[in-house]
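> This is the structure, below, for whatever I ask next.
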Amino acid sequence: MITNEIYPFLQAYALIIGLVVGSFLNVVIYRIPNNKSIVKPRSKCTGCENQIAWYDNIPIISYIILLAKCRNCKAPISIRYPLVEFICGMMTLMLLNIYGPSFEFIAVVFICYMLIAITFIDVDYFIIPNEFIIFGFVVSIIAHGFNLLPLTLAQGFYGLITFGGILFLMGTLGTFIFKKEAMGLGDVKLGLVLGSFLGAELSLLALFFSFIFGGFMSLILLITKEVGDDHMIPFGPSISAATLLTLLTKTVGGGNYIINWYFTNMWNGEYIF
């Protein structure tokens, strides 16, 4: 049993682990789409090609000390690197506070790391690499096989069908209407993975926010004229953000604050049909 005296140290440890994982995700985000090994060689400056020393690769701290410049060639270091590290660190800490030091926390945090990487890769390359889909299914199989999630295997299957199935139908409908691909298959496969973690009810919630976030992103990109001639807009970041929101609004009893709020304040108990 973890006492109140120990818990702050556990939180600090979770934050540090998250920052370190964020540093590793920066490698993953750059190398996987370019078919490079994530194990070797060591990280290099993209400007001068010099290997980065360990003391220049400390999450966030090195970025601040180096004033966002390479020690050797003074080439600017993108703000994305500390941003990914910060997001991972804070996400790990928040998930620990929500799920506690449990096996469910471990499964969920792995999926969240995956979503963070997918977000940045989809923004840059408009792809969701199959490596992440395989990783997600492996985590899902292990989580369900050892009963690490508050879901039965059947509930996970229903969620898989709900999330992935609705994305597939929406993509098919959009392709029929607009006469071109409306949704990538990678988005559908990601929906299958996430649905197996969320179950049908939370999958519907995540889908709802996915389309809301996607609509806002599309509107902003159109207004700022950041959309290319092909009018492609990545949907993976919207799916990821919506799923993270769903996971971060879990209640102590295993429910969801957003769903509870809706049924408490918005729904009067009557059905339309």
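> Criterion first (in contact with a helix residue (DSSP H, G or I) (Cβ under 9 Å, 6 or more places away or on another chain) and modelled with pLDDT of 85 or more) does Leu219 satisfy it? So that I can check it myself, show each step before the final result.
On the way: in contact with a helix residue (DSSP H, G or I) (Cβ under 9 Å, 6 or more places away or on another chain): no; modelled with pLDDT of 85 or more: yes.
Spelling it out, it is not the case that Leu219 is in contact with a helix residue (DSSP H, G or I) (Cβ under 9 Å, 6 or more places away or on another chain) and modelled with pLDDT of 85 or more.
> Regarding Leu207, is this residue surrounded by fewer than 16 Cβ atoms within 10 Å (Cβ to Cβ), in the same structural domain as Val252 (by TED's automatic domain parsing) and assigned to a helix (DSSP H, G or I)? Before you say what the answer is, go through the steps one by one.
Numbers: surrounded by fewer than 16 Cβ atoms within 10 Å (Cβ to Cβ): no; in the same structural domain as Val252 (by TED's automatic domain parsing): yes; assigned to a helix (DSSP H, G or I): yes.
Taking the combined requirement at face value, the residue does not satisfy it.
> While we're on this one: Go through the range 87-113 and give me each residue that's within 18 Å of His144 (Cα to Cα) and under 10 Å from the mean Cα position of the chain (by Cα).
Residues satisfying the conditions are Val109, Phe110, Ile111, Cys112.
> Check whether at least one residue in the range 34-54 is surrounded by 15 or more Cβ atoms within 10 Å (Cβ to Cβ) and assigned to a helix (DSSP H, G or I), and report yes or no.
There is no residue in the range 34-54 that is surrounded by 15 or more Cβ atoms within 10 Å (Cβ to Cβ) and assigned to a helix (DSSP H, G or I).
> Residue check, Ile79 against (1) surrounded by 15 or more Cβ atoms within 10 Å (Cβ to Cβ); (2) in the same structural domain as Gly22 (by TED's automatic domain parsing), all met but one. Which one?
Result: Ile79 fails condition (1) only.
> Determine which member of the set Phe86, Phe110, Phe157 is within 25 Å of Tyr7 (Cα to Cα), of a type in the set (Phe, Trp, Tyr) and out of contact with any helix residue (DSSP H, G or I) (no Cβ under 6 Å at 6 or more places or on another chain). Give the derivation first.
Numbers: Phe110 fails: out of contact with any helix residue (DSSP H, G or I) (no Cβ under 6 Å at 6 or more places or on another chain); Phe157 fails: within 25 Å of Tyr7 (Cα to Cα).
Testing whether each residue is within 25 Å of Tyr7 (Cα to Cα), of a type in the set (Phe, Trp, Tyr) and out of contact with any helix residue (DSSP H, G or I) (no Cβ under 6 Å at 6 or more places or on another chain) leaves just Phe86.
> What are the residues in the range 35-58 that are within 25 Å of the chain's Cα centre (by Cα), of a type outside the set (S, T, N, Q) and at pLDDT 90 or above, if any?
Passing the criteria: Lys36, Ile38, Ile58.
> With the checklist (1) touching a residue at least 24 places away in the same chain (Cβ under 8 Å); (2) closer than 24 Å to Val109 by Cβ in hand, flag the one item Asn147 doesn't pass.
With respect to (1) touching a residue at least 24 places away in the same chain (Cβ under 8 Å); (2) closer than 24 Å to Val109 by Cβ, Asn147 is out only on (1).
The values are calculated or read from the model by the stated rules, or taken from the named source; none is laboratory data. On a predicted model such as this, the values are computed, not experimentally measured, just so you know. With ideal geometry, Cβ positions are generated from the backbone for all residues, glycine too; neighbour counts draw on all protein chains shown.
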